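The values are calculated or read from the model by the stated rules, or taken from the named source; none is laboratory data. Everything numeric in this text was worked out from a predicted model, so none of it was measured. Backbone-built Cβ (ideal geometry, glycine too); neighbour counts: all protein chains shown. Quick note on the areas: whole protein, heavy atoms, side chains included, nothing else; ligands and nucleic acids left out. Shrake-Rupley method; radii C 1.70, N 1.55, O 1.52, S 1.80 Å.
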Amino acid sequence: MSIKTEEISSLIKKQLANYQDKVSVEETGTVTYVGDGVARADGLENAMAGELLEFSNGVYGMAQNLESNDVGIVILGDYTGIREGDTVKRTGRIMEVPVGDALLGRVVDSLGRPIDGLGEIKTDKSRPIERKAPGVMERKSVSEPLQTGIKVIDALVPIGRGQRELIIGDRKTGKTAIALDTIINQKGQDVICIYVAIGQKESTVRASVETLRKYGALDYTIVVSASASNPAPMLYIAPYAGAAMGEEFMFNGKDVLIIYDDLSKQADAYRELSLILRRPPGREAYPGDIFYTHSRLLERAARLSDDLGGGSMTALPIIQTQAGDVSAYIPTNVISITDGQIFLDSDEFYAGQRPAIDAGTSVSRVGGDAQVKAMKKVAGTLRLDIASYNELASFAQFGSDLDAATQAKLARGQRTMEVLKQGLHQPLPVEEQVVTLFALQQGFIDKISMDDVQRFESELAAFMHANHQDLYDSIKKTGKLPEGDDLLNAVTEFANQFQPSDSNKQAAEDK
Ligand SMILES: Nc1ncnc2c1ncn2[C@@H]1O[C@H](COP(=O)(O)OP(=O)(O)OP(=O)(O)O)[C@@H](O)[C@H]1O
Ligand SMILES: [Mg+2]
């Protein structure tokens, strides 16, 4: 057999002509370790922090630890199909999620993939999940209110658009309820809502979605869910994915409300994956950058300057405490990053004071600037009333000989607490809240028996709608109390015709 040199050289030439330098474009590496949602790989010398990597079975991962000889990767999906020795290649892209209007009304996972069975999400826009927060010059100060519809919040801890307000409390104290009611109250307010559920049970998320749907709030809401059964990396990135979706709207001049329910579970997921990545553990075994994890997320909430379109993103992160301990590591971190906190007290919750907001420890550091003027007027003394009531109430248990002034204070305090109670999914428009608190402030409710307070409130609202809608409209439009005595007269008129239930009884007995 003879070999023709021309044939060989032409073959080699052909091969060379078809040769593509694929390897250097993709840069593949080899998995050296895999376990619990995390892998290590060598050979990915040029991988960027946060870069999306693809394993040979199609599962994606995100580059985390970039070390001299290998890369730590969090696996975004099922890691059981990945073996040591598998290849993993660079994509050259930073992790992104789909964004845009098409996501409204949908339930998606941390990668923006639909999980509600309603089919594909058609959008060609995407955004990186991590983004540097707007800087000082790109912001303007908070000046417009974000009404929650919850009396005690709008009156005592008002929230402004672009603010970050922490909701903090033990388990089962109504944290999620406040978040959902706030979303429900945004109906017709031109606010886009994003609810990020982290580490919750699938059934709980499902129930929340149904609640939003029932109250017509799902149309303007995106639900991002990384449930408890998802691997830790999915829980870790969920809030960043939600923030990216919100930013798309904010940078288009819209107002956005985003809720992270909750960041305690996100911190736990991050601790888990950091320990598996062998990062040195610090306090409470959280990695050293746990503060940065939350601060860079919450800094993305902003009120943008007019040059940038004036959009806003208001963030309500939720933190769960153990036995009311706000001095634990994660709670103190997040308290220091946010502009105030709504503290939920489990004793009050079980005593029936719901929403169980502790007026003494809850604050909003910037929302006051955004509060409606009328509300500021009628809620001005509320905090003091509650404080002096709490002080007196503990004394009053011991003696019955109280002077008239003390008794009046007690009566006011009890009724204030009663007025601040509010049922689930019953957010109230600001004008109704203002008139109720006005009636309280002017002493109309002091003479009403405790059993009648809630009926007084609802009948007052009905009376106002029927006879003085113009006053409601004017408060809503101007944000101020009506000039003159119109409101006082209207409430007096109502109070005079209000039928106390025990007087009925009394009258019946007299006969
Ligand atoms: N204002 C309210 N009036 C009546 N019931 C309420 C109110 N707020 C919450 N609840 C009820 O209290 C229970 C706990 O509420 P929720 O799930 O909001 O608490 P949570 O703090 O988010 O709990 P978890 O720790 O499980 O996340 C629910 O059954 C809810 O219906
Ligand atoms: Mg909850």
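What to note about this one:
- By accessible area, using a 1.4 Å probe on protein heavy atoms only, the range 361-401 has 57% of its surface on carbon and sulfur.
- Largest to smallest in accessible area, the residues 7, 45, 247 fall in the order 45, 7, 247 (1.4 Å probe, all protein chains included).
- Annotation: amide H-H contacts under 5 Å for residue 144 (H modelled 1.01 Å from N, sequence separation of 5 or more, or interchain): 161.
- The stretch between residue 376 and residue 78, if pulled fully straight at 0.36 nm per residue, gains 102.0 nm over its current Cα-Cα span.
- Whole-number accessible area per residue in Å² for the range 207-312, which is evaluated in the context of all protein chains at 1.4 Å: 32 Å²
- Pairs exceeding a 28 Å alpha-carbon distance, out of 132/201; 187/421; 172/377; 214/447; 122/265; 132/214: 132/201; 172/377; 214/447; 122/265; 132/214.
- Per atom type, the range 78-216 shows carbon and sulfur on 49% of its accessible surface, probed at 1.4 Å.
- The candidates 201, 480, arranged from most to least accessible area with a 1.4 Å probe in the full protein assembly, appear as 201, 480.
- Note on exposure: 240, 389, 79 ranked by accessible area (1.4 Å probe, complete protein assembly) read 79, 389, 240, with the most exposed listed first.
- Residue-count net charge about residue 378 - beta-carbon cut-off 13 Å; Lys, Arg +1, Asp, Glu -1: +2
- Per residue accessible area in Å² of the range 1-133, where ligands, DNA and RNA are left out and the probe is 1.4 Å: 59 Å²
- A cut-off of 5 Å between modelled amide H atoms, ignoring neighbours fewer than 5 places along the same chain, links residue 127 with 97, 99.
- Whole-Hz couplings from phi, Karplus 6.51/-1.76/1.60, listed for the range 405-414; x for Gly and Pro: 4, 5, 4, 5, 4, 4, 4, 4, x, 4
- Taking the longest Cα principal axis of the chain as reference, the axis of helix 263-276 is set at about 30 degrees.
- The C-alpha atoms of the chain define a longest principal axis, and helix 469-478 lies at about 50 degrees to it.
- 0 to 90° range, to nearest 10: angle between helix 382-396 axis and the chain longest Cα axis: 70 degrees
- Accessible solvent surface per residue of the range 347-443, calculated while the other protein chains remain in place, 1.4 angstrom probe, Å²: 51 Å²
- If R0 is taken as 56 Å, the Cβ-Cβ distance between residue 202 and residue 401 corresponds to a FRET efficiency of 0.45.
- The chain: calculated mean residue ellipticity at 222 nm from DSSP helix runs of at least 4, using -39500 (n - 2.57): -12000 deg cm²/dmol
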